[in-house]
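Let me begin by presenting the structure, written as C-alpha cells, before commenting on it.
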Amino acid sequence: MDEHTDYTNADDATDDCTTTASFDDHGIDDGSDLIRRTYYRLVADGDDTFEPTDRFLDRLADAFTRAYLTATDAYELPPHVAAAVDDARAWVAVEFSDDPDADLRGTVIPAFYRHAAGFHCAYRE
C-alpha cells in the first residue's frame, strides 16, 4: 500500500479516496500534518525511537489519535476513524515485528498513517 493507492468508498462507488487526502472529510487536507503531529507527540512523551512492543504500539496509536483530535478540534474519534487506527496499529505491529531498528519518523509513522488512511478510506461513511 503506498500513498497513491486508491480505495473505493463502499457506500459510493464513484468516490475515490487516496491515502494522501483520506481525512479531508474531517478537515485534514494533507496527511503529512498528522504524521508530523504524531511524531512530535511521541517525542514529547519520551518515545523518540521505535520499539516493536505492544506498549510502544499503543503509544503510537495514542499519539496518532491525539494528533487527529488536535487537528480536527474534536473530543473523540468517530467510530470509523477509531476502527482505522486500531487496524493500522495491528498492521504496523506485523509489518515491523522483525525490524526493531526501523526509523520512527521516516518509516514507521508514515506506514502507520498509510495504513490508517487506507482503512479510513474503506470505512468512512
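The values are calculated or read from the model by the stated rules, or taken from the named source; none is laboratory data. Bear in mind the structure is a predicted one, so any value in this text is a computation, not a measurement. In this analysis, Cβ positions are derived from the backbone assuming ideal geometry, glycine residues included, and neighbour counts consider all displayed protein chains. We work out accessible area using only protein heavy atoms, side chains counted, and drop any ligands, DNA or RNA first. Shrake-Rupley method; radii C 1.70, N 1.55, O 1.52, S 1.80 Å.
Karplus-derived 3J(HN,Hα) values for the stretch 107-118, using 6.51 cos²θ - 1.76 cosθ + 1.60 with θ = phi - 60°, are 10, 5, 5, x, 5, 4, 4, 4, 5, 4, 5, x Hz; glycine and proline are entered as x. Could you give the nm distance between label points at E51 and T72, where each point is 7 Å from its Cα heading toward the beta carbon? Here the answer is 2.9 nm between the modelled labels.
Using a 1.4 Å probe on the protein chains only, how many percent of the accessible area of the chain belongs to carbon and sulfur? Mind showing how you got there, number by number?
On the way: 3030 of 6520 Å².
It is 46 percent, rounded to a whole number.
For the stretch 47-64, backbone phi angles converted through the Karplus equation (6.51, -1.76, 1.60; θ = phi - 60°) give residue-by-residue couplings of 10, 10, 9, 6, 9, x, 10, 4, 4, 5, 4, 5, 5, 5, 4, 5, 5, 5 Hz, Gly and Pro being listed as x. Axis angle, to the nearest 10 degrees, between helix 79-95 and the longest C-alpha principal axis of the chain: 50 degrees.
Derived scalar couplings between HN and Hα for the stretch 97-106 equal 4, 9, 9, x, 9, 4, 6, 4, 6, x Hz in order, rounded to whole Hz, by the Karplus curve 6.51 cos²θ - 1.76 cosθ + 1.60 (θ = phi - 60°), x for Gly and Pro.
Potential lengthening of the chain between T107 and D86 amounts to 5.7 nm, from the contour at 0.36 nm per residue minus the alpha-carbon distance. In the context of the full set of protein chains, residues of the stretch 47-123 present 47 Å² of accessible surface per residue (probe radius 1.4 Å, heavy atoms only). Shape class of the stretch 45-103 from the Cα gyration tensor (axes a ≥ b ≥ c, square roots of the eigenvalues): oblate, since a/c reaches 1.5 or more and a/b does not exceed b/c. Which option, [x] 14.4; [y] 18.2; [z] 20.1, is the value of Kirkwood radius over Cα pairs in Å that was calculated from these coordinates? Only one listed value fits the structure, namely [x].
Label separation (D99 vs Y40): 2.6 nm, computed from points 7 Å beyond Cα along the C-beta direction.
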